[in-house]
Amino acid sequence: MLTANNTMRITQIVNVHSESPSVKTYTFLDKLCSVARPGQFLMLWIPGIDEIPLSIMDATNGLVSVSVKVVGDATRHLHSFEAGATIGIRGPFGKGFTESQGRVLLVGGGTGIAPLMFLAKQLRTKTEHLAFVEGAKTKEELLFVNELGGMCQEKNLITTTEDGTAGLQCLVTQPLASLLEKEHFDMIYTCGPEIMVKKIFEITEHHKLPLEASLERLMRCGIGLCGSCMIGKYRVCRDGPVFTTDQLREVKDELGISKIGFDGSRIPI
């Protein structure tokens, strides 16, 4: 399946910025990915090591940015790269978020904030009201707080940490439930750990609100051939990674419960 998007392009990192002790943002030149939509992803090749899927955090004027957390050998190796290092890129792939107007709420956890940041930049001048709930384990791991506060105004930004070092001491889903009891939203978007996404899906279902959720699964090919990212009848890399409420209902028996592992067997999340 050799298309322009699926052809490997060799490029160089032009900037590296540390966001937290475990997350760095890499910016590089790539014409095709620079016109990506929020919610789409790319495959980044680390020469001699591996190729990994990454959500696009920003894309404009030929430049593309991704935020990467150290979670294994490949990302640890990438974190050793500095500006000028060579990488390979395929993409953009997948289905992104649809843009909504009216009153919009974004809910993110961990590096799931990255594609939501991209979306927030697109929505900030188009929506009637933009609010954000962000969660992390600690204050140090809260990402893009200043940027988000500027886009949706600080009064509309709620932060949570599991250890209580910043914001509310709770999971990100707790203030969400309270917020939806008090305010109406026309659309909710989310990205983060799948167990978090499942809980948010359950909360929005209770309130009968539309949701678009970006899911993370094991992706090897990025184009729907290998089947490693299956959830129900869907291939996350091609049918997602963004899924609607109706689609999430179809896969709710797997959502946040199990996934396909590296050896092809189904494992618990």
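The values are calculated or read from the model by the stated rules, or taken from the named source; none is laboratory data. Values in this document were obtained by computation on a predicted structure and should not be read as measured data. Virtual Cβ from ideal backbone geometry, glycine too; neighbours counted across all protein chains shown. Calculation scope for accessible area: heavy atoms of the full protein, side chains included, ligands and nucleic acids excluded. Shrake-Rupley method; radii C 1.70, N 1.55, O 1.52, S 1.80 Å.
Between residue 140 and residue 181, what FRET efficiency comes out of the Förster formula 1/(1 + (r/R0)^6) with R0 = 41 Å and r the beta carbon distance, rounded to 0.05?
For R0 = 41 Å, the calculated efficiency reads 0.85.
Given 20 °C and 1.002 mPa s, how large is the Stokes-Einstein diffusion coefficient of the stretch 102-245 in µm²/s, with Rh as the Kirkwood radius over Cα pairs?
138
Would you calculate the volume per residue, in Å³, of the smallest convex hull containing every Cα atom of the stretch 50-180?
Cα convex hull per residue, to the nearest whole number: 136 Å³.
Given a Förster distance of 22 Å, report the FRET efficiency between residue 263 and residue 233 from their Cβ-Cβ distance, rounded to the nearest 0.05.
That gives a FRET efficiency of 0.50.
Which links in 198/259; 137/182; 121/252 stretch past 19 Å when you go from one Cα to the other?
137/182; 121/252
Through the Karplus equation 6.51 cos²θ - 1.76 cosθ + 1.60, θ set to phi - 60°, convert the phi angles of the stretch 76-91 into ³J(HN,Hα) values in whole Hz; use x for Gly and Pro.
Karplus-based 3J(HN,Hα) across the stretch 76-91 equals 5, 5, 4, 5, 8, 6, 10, 3, x, 5, 8, 9, x, 10, 10, x Hz.
Rounded to the nearest 0.05, what FRET efficiency do residue 18 and residue 121 have when you use their Cβ-Cβ distance and R0 = 30 Å?
For R0 = 30 Å, the calculated efficiency reads 0.90.
As an exercise, take the mean of 1/r over every pair of distinct alpha carbons in the chain, invert it, and state the Kirkwood radius in angstroms.
Result for the chain stands at 18.8 Å.
Please report the net charge: other residues with Cβ closer than 9 Å to the Cβ of residue 201, K and R +1, D and E -1.
Local charge sum for residue 201: +2.
Which aspartates and glutamates have a Cα less than 14 Å from the Cα of residue 208, not counting those fewer than 8 places away in the same chain?
Within the straight-line limit of under 14 Å, residue 208 reaches these aspartates and glutamates: 181, 183, 186, 246.
Just the ratio, please: alpha-carbon radius of gyration of the stretch 96-164 over 2.2 N^0.38 Å, N its number of residues.
In units of the globular-protein estimate, the stretch 96-164 measures up at 1.05.
What is the ratio of the Cα radius of gyration of the stretch 4-92 to 2.2 N^0.38 Å, where N is its residue count, to two decimals?
0.97
In the chain, with Lys and Arg counted as +1 and Asp and Glu as -1 at Cβ, which of these residues, 234, 5, 204, has the Cα nearest the positive end of the dipole, that is, farthest along it?
Looking along the dipole axis, the top candidate is 5.
Dipole magnitude of the chain about its Cα centre, charges +1 at Lys/Arg Cβ and -1 at Asp/Glu Cβ only, in debye to the nearest 20?
About 540 debye.
In whole percent, and with a 1.4 Å probe on the protein chains, what portion of the accessible area of the chain is carbon and sulfur?
Answer for the chain: carbon and sulfur cover 51 percent of the accessible area.
For the chain, what proportion of DSSP beta bridges, expressed in % and rounded to the nearest 5, is antiparallel?
Of all bridge pairs located within the chain, approximately 60 percent are antiparallel.
Please name which of 177, 88, 16 has its Cα lying farthest along the dipole of the chain towards the positive end, using unit charges on Cβ (Lys, Arg +1; Asp, Glu -1) and the Cα centre as origin.
Comparing the listed Cα positions along the dipole, 88 ranks first.
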